[in-house]
Amino acid sequence: MTALFILKSGRVRIFRVAEDGKALTMAILEPGAVFGEMMLVGQRMYDNYAEAIEDAAICQLSVEEVERFLLSDPRIAIRISRLLGEQVARLEERLTDLALRPLAAQVASTLLKLGDASGPPRFGQARTIHLTHEQLAGLLGASREATSKIMGELTAKKAIRQGRGRILIQDRDILSKLARSSS
């Protein structure tokens, strides 16, 4: 099926299943993200799957609808171009992280990005990320054990606090310093 999806609310996980049955999370999408299979705008799912990881509202557009919208209002074409450009930049940054940075730096960087995407904290509360260690490990292409070890170290340093399926950022400075480290 050729369709373009726009995530209106909630979060969606894009993942790929390896031959051994292990799921590798390719991305966690936030509201406003565009995904799907539509060559017209350069979107491909390849062998990826999408699943809502919390209640989500998703708008589906066919090829004909996308063409009509792009031709009727250049602002829509510009918006989709920007979204796709941002997606390419995120993928390039992620590829660089995977190839060149230690896992602790990747974890810290990813937590900061996910925290920023979760919106501003309310009433002085910590930014909350709703993600399990398994999901975070999948997003980083790492083992759950290695990711959990680093999460334990971050908790001991009081950079984060953890609960069931959620991570609270307590000290952005510690995470920022670690995210910039290369050893």
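In summary, ARG13 fulfils each of the numbered conditions (1) modelled with pLDDT of 85 or more; (2) not in a strand (DSSP E or B) with the single exception of condition (2).
Flag set for THR96, criterion: over 13 Å from the mean Cα position of the chain (by Cα), over 18 Å from LEU29 (Cβ atoms) and open to solvent by 60 Å² or more (accessible area, probe 1.4 Å). Taken as a whole, the structure places GLU93 among residues that are part of a helix (DSSP H, G or I) and under 29 Å from LEU4 (Cβ atoms). Looking at HIS133 and the list (1) closer than 20 Å to THR25 by Cβ; (2) of a type outside the set (Ser, Thr, Tyr); (3) in contact (Cβ under 8 Å) with a residue 24 or more places away in the chain; (4) open to solvent by less than 50 Å² (accessible area, probe 1.4 Å), which single condition is not satisfied? All conditions pass for HIS133, except number (3). Answer with yes or no whether LEU112 is in a loop (DSSP other than H, G, I, E, B), within 28 Å of ASN48 (Cβ to Cβ) and either in contact (Cβ under 8 Å) with a residue 60 or more places away in the chain or in contact with a Gly (Cβ under 9 Å, 6 or more places away or on another chain) (or both). Spelling it out, it is not the case that LEU112 is in a loop (DSSP other than H, G, I, E, B), within 28 Å of ASN48 (Cβ to Cβ) and either in contact (Cβ under 8 Å) with a residue 60 or more places away in the chain or in contact with a Gly (Cβ under 9 Å, 6 or more places away or on another chain) (or both). Taking every residue in segment 1-29 that is closer than 22 Å to SER62 by Cβ and pairing it with any residue that is surrounded by fewer than 12 Cβ atoms within 10 Å (Cβ to Cβ) and among the hydrophobic types (A, V, I, L, M, F, W, C), at least 6 positions away or on another chain, the pairs with Cβ-Cβ distances below 6 Å are ILE6/CYS59; LYS8/ALA57; LYS8/CYS59; SER9/ALA57.
A search for C-beta distances below 7 Å between a residue of segment 155-183 that is open to solvent by less than 50 Å² (accessible area, probe 1.4 Å) and charged (D, E, K, R) and any residue that is at pLDDT 90 or above and part of a strand (DSSP E or B), counting only pairs 6+ apart in sequence or on different chains, returns nothing. Among the residues of segment 69-93, those identified as of a type in the set (A, V, I, L, M, F, W, C) and open to solvent by 60 Å² or more (accessible area, probe 1.4 Å) are PHE69, LEU71, ILE78, VAL88, LEU91. Number of residues in segment 65-92 that are charged (D, E, K, R), at pLDDT 80 or above and within 14 Å of the chain's Cα centre (by Cα) equals 2.
The values are calculated or read from the model by the stated rules, or taken from the named source; none is laboratory data. Computed from a prediction, not measured in an experiment: that's the story for all the values here. Don't worry about glycine lacking a Cβ; one is built from the backbone with ideal geometry, like all the others, and counts go over all protein chains shown. For the accessible areas, the whole protein counts, side chains as well, though only heavy atoms, and no ligand, DNA or RNA atoms are used. Shrake-Rupley method; radii C 1.70, N 1.55, O 1.52, S 1.80 Å.
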